[in-house]
1. Of the listed values [x] 2, 8, 12, 16, 16, 15, 11, 7, 4, 3, 2, 2, 1, 0; [y] 2, 10, 18, 22, 23, 15, 7, 3, 1, 0, 0; [z] 2, 10, 19, 21, 17, 12, 7, 4, 3, 2, 1, 1, 0, 0, identify the label whose number matches P(r) over Cα pairs in 5 Å bins from 0, in percent calculated from this model.
2. Provide the per residue accessible area, probe 1.4 Å, for the chain, rounded to a whole number of square angstrom.
3. Taking 30 Å as R0, compute the FRET efficiency from the Cβ-Cβ separation of V78 and F125 and round it to 0.05.
4. Could you run the Karplus curve 6.51 cos²θ - 1.76 cosθ + 1.60 with θ = phi - 60° over the range 75-85 and give me ³J(HN,Hα) per residue in whole Hz, x for Gly and Pro?
5. Work out from phi, with θ = phi - 60° and the Karplus expression 6.51 cos²θ - 1.76 cosθ + 1.60, the ³J(HN,Hα) of each residue of the range 46-54, listed in order in whole Hz, and give x for Gly and Pro.
6. By how many nm would the segment from D66 to S17 lengthen if fully extended, with 0.36 nm per residue of separation less the alpha-carbon distance?
7. Specify which residue in the list S29, L86, Q109 is farthest towards the positive end of the charge dipole of the range 19-140, using unit charges on the beta carbon of Lys, Arg (+1) and Asp, Glu (-1), about the Cα centre.
8. Calculate what fraction, in whole %, of the accessible area of the range 1-101 sits on carbon and sulfur atoms when a 1.4 Å probe is rolled over the protein chains.
Amino acid sequence: EGEAELGWLNGTIDVKSLAAAFSLDQLVSDFLSRFKQALADRHAEPAHLKVLAQSGDAVSVGNLVDSSTPVELSRTSVGVFQEARLTVNARVLTDPDILEAILRDLITQFSNAQIHCTVKRIDHFRPAPPIPTHRLTGEI
């Protein structure tokens, strides 16, 4: 039932630098920090926010589990890259349409003359409450 209270968002974005190469860790940290601030501005409490950046075999993963803790990198990478794919998974106590708007705003913020972001996919929804198919009753 708790999951049905949350807005869910899954997104995939391609990021390409037209100038200087970038660090996957910095990309993930910046993206998550901006997402965290956008949620705070809307009084939306994150239950789970995860961003994964991948370029070839290099991977960086960042997490946010609530509004009072800092963004944390759970996996770091070395090197700099010209392009990467960002995968975003968010479960937040807010309307899923707000999550989509936040993500699209962040993509616009990141896109400029030197960085090009392309949305590959965005799914946002609120799952229905579970309907158990079996219930235990009586003694076992």
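The values are calculated or read from the model by the stated rules, or taken from the named source; none is laboratory data. Keep in mind that what you see is a predicted model, and the values were worked out from it rather than measured. Cβ placement follows ideal geometry from the backbone for every residue including glycine, while neighbour counts extend to all protein chains displayed. SASA here: full protein model, heavy atoms, side chains in, ligands and nucleic acids out. Shrake-Rupley method; radii C 1.70, N 1.55, O 1.52, S 1.80 Å.
1. Answer label, from the structure shown: [z].
2. I get 59 Å² per residue for the chain.
3. 0.25
4. 8, 10, 10, 10, x, 10, 9, 8, 8, 7, 10
5. Per-residue couplings from phi come out as x, 9, 6, 9, 10, 10, 10, 10, 9 Hz.
6. 14.6 nm
7. Working it through, the farthest residue towards the positive pole turns out to be L86.
8. Numbers: 2400 of 4940 Å².
Reported share for carbon and sulfur atoms: 49 percent.
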